[in-house]
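Peer 1: Mind looking over this structure? Questions follow.
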Amino acid sequence: MNRTIILIFLLTIAQISWAQNCDFEIRNLSNILNGKSELIEKSEYEKVVGISEKLIEFEPKSELELTKKYPEIFKLKDSCYTFSANQNIGIGIKTPELKACRNKVQTKEYSDYKFKGTYCGNALIEITGYESWGFLSVDLKNGLTCFTMGKPLTSDGETAISYSNYYGEEEIALTDLKTKEQYVIGIEGWRTIESKVLEDVYYLKLESEFQTDCEKEIKYLKLKIKN
């Protein structure tokens, strides 16, 4: 088989695979938190929009302020802060710790962080790396930390939702802010354009993107922690 035939074969397989992604398929990345997600009708989503709860904003705090107030939690060593975490191989946390490091070399080893502030007893640190980004929520009582790709949003300080798109796949996470346990899903070819919360249940409006051969669609998703 010559190179031309091989190339045509690979392109055909890629096109078939891409066409299959027109469907709304939820990929379970982690479910330690025992969460649940389901598609809902537009009418149910619109009812929630009118009575949704207000989200809590974080209070800006500098790195200096937080390190001085919580020296036992924020210990800088070799340009890194290290925090305890729940191991979760499904979303890439393979060790019982998370790090915020600063290494501004223009290589794949690049990393940086920025202290954004505090919310609901947590410090919020934005981290960036080579083709990666996200947020660390650090419990200011015990240092227990979790990672979310998007900024965590909460209305009650107990659970939070976050979402961000990584090269075409929307990653959505529900987080228990006390235990740092998470329910994380991925949806290829879609992006969250709006979210609402009511009584610990989160409602998302998603739009299809990155799918040039598919019709543009809107879907509505409900996420909650199972009782």
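Peer 1: What is the set of long-range amide H partners of residue 75 at a cut-off below 5 Å, with H atoms built 1.01 Å from backbone N?
Peer 2: 82
Peer 1: Would you work out which of 82, 140, 51 lies farthest towards the positive end of the dipole of the stretch 29-146? Charges go on Cβ: Lys and Arg +1, Asp and Glu -1.
Peer 2: 82
Peer 1: What order do 64, 29 take when sorted by accessible area (1.4 Å probe), most exposed first?
Peer 2: Sorted descending by solvent-accessible area, the residues read 64, 29.
Peer 1: With r defined as the distance between the Cβ atoms of residue 128 and residue 47 and R0 fixed at 45 Å, what FRET efficiency is calculated, to the nearest 0.05?
Peer 2: After rounding to 0.05, the efficiency reads 0.75.
Peer 1: Right, here's the next one. With no other cysteine's Cβ closer than 4.7 Å, which Cys residues of the chain count as lacking a disulfide-compatible partner?
Peer 2: 120, 146
Peer 1: Taking semi-axes √(5λ) of the Cα gyration tensor in Å straight from the coordinates, which label in (1) 31, 21, 14; (2) 24, 21, 18; (3) 33, 26, 14 is the correct one?
Peer 2: Computed from the coordinates, semi-axes √(5λ) of the Cα gyration tensor in Å corresponds to (3).
Peer 1: Okay, moving on. What figure in square angstrom, to the nearest 10, would you give for the accessible area of residue 112 with a 1.4 Å probe?
Peer 2: That residue has around 30 Å² of solvent-accessible surface.
Peer 1: For n ≥ 4 DSSP H runs only, could you compute -39500 (n - 2.57) per run for the chain, divide by its residues and tell me the 222 nm figure to the nearest 500?
Peer 2: When only DSSP H runs of four or more count, the value is -4500 deg cm²/dmol.
Peer 1: For residue 176, what accessible surface area do you get with a 1.4 Å probe? Give it in Å², rounded to 10.
Peer 2: Accessible area, nearest 10 Å²: 40 Å².
Peer 1: Between 86, 34, 122, find the one with the highest GNM mean-square fluctuation for the chain; connect C-alpha pairs within less than 10 Å.
Peer 2: 34
Peer 1: Determine the alpha carbon to alpha carbon distance for each of 36/114; 36/219; 61/222; 114/219 and list only those over 22 Å.
Peer 2: Pairs exceeding 22 Å: 36/114; 61/222; 114/219.
Peer 1: Still on this structure, I have one more. Quote the charge dipole size of the chain about the Cα centre in Debye, to the nearest 20; the model charges only the Cβ of Lys and Arg (+1) and of Asp and Glu (-1).
Peer 2: 740 debye
Peer 1: So if I place +1 on the C-beta of Lys and Arg and -1 on the C-beta of Asp and Glu, and nothing else carries charge, what would the dipole magnitude of the stretch 29-79 be about its Cα centre? I want it in debye, nearest 20.
Peer 2: Approximately 240 debye in magnitude.
Peer 1: For the chain, calculate the relative contact order in percent as a whole number, restricting contacts to Cα pairs under 8 Å that are 6 or more residues apart.
Peer 2: RCO, the chain: 23 percent.
Peer 1: Can you tell me the order of 195-204, 52-61 when each peptide is scored by its average per-residue count of other Cβ atoms within 10 angstrom, highest first?
Peer 2: Descending packing order for the listed peptides: 195-204, 52-61.
Peer 1: Can you list the residues, at least 5 places off or on another chain, whose amide H is less than 5 Å from the amide H of residue 29, using H built in the peptide plane?
Peer 2: Hits under the 5 Å cutoff: 184, 185, 186.
Peer 1: Quick one: 3J(HN,Hα) in Hz for the stretch 96-105, Karplus 6.51/-1.76/1.60 with θ = phi - 60°, rounded, Gly and Pro as x.
Peer 2: Per residue, the Karplus-derived 3J(HN,Hα) values read x, 7, 10, 10, 10, 10, 10, 8, 8, 6 Hz.
Peer 1: How large is the accessible surface per residue of the chain, computed with a 1.4 Å probe and reported in Å² as a whole number?
Peer 2: Working: 13110 Å² over 227 residues.
Heavy-atom SASA per residue in the chain reads 58 Å².
Peer 1: Right, here's the next one. Under 19 Å Cα to Cα from residue 108, which aspartates and glutamates show up? Leave out anything in the same chain fewer than 8 places away.
Peer 2: Result set, ordered by chain and number: 78, 126, 131.
Peer 1: Here is a further query. Round to the nearest 10 and report in Å² the accessible area of residue 145, as given by a 1.4 Å probe over the protein chains' heavy atoms.
Peer 2: In the full protein context, residue 145 sits at about 0 Å².
Peer 1: What angle, in degrees between 0 and 90 and rounded to the nearest 10, separates the Cα long axis of helix 3-20 from the longest principal axis of the Cα atoms of the chain?
Peer 2: Around 70 degrees separate the two axes.
Peer 1: Right, next: Placing unit charges on C-beta atoms (Lys and Arg positive, Asp and Glu negative, everything else neutral), compute the dipole magnitude of the stretch 111-162 about its Cα centre in debye, rounded to 20.
Peer 2: The dipole of the stretch 111-162 has a size of about 120 debye.
Peer 1: Also, quick follow-up: Taking the alpha-carbon distance from residue 42 and a cut-off under 15 Å, which aspartates and glutamates remain once sequence neighbours fewer than 8 residues away in the same chain are dropped?
Peer 2: Qualifying aspartates and glutamates at Cα under 15 Å: 194, 207, 217.
Peer 1: Students sometimes get this wrong: rank 133, 190 by accessible area, probe 1.4 Å, all chains present, largest first.
Peer 2: 133, 190
The values are calculated or read from the model by the stated rules, or taken from the named source; none is laboratory data. Computed from a prediction, not measured in an experiment: that's the story for all the values here. Using ideal geometry, Cβ is built from the backbone for each residue, glycine included, and neighbour counts are taken over all protein chains shown. To get the accessible areas, we keep the full protein, side chains included, count just its heavy atoms, and leave off ligands, DNA and RNA. Shrake-Rupley method; radii C 1.70, N 1.55, O 1.52, S 1.80 Å.
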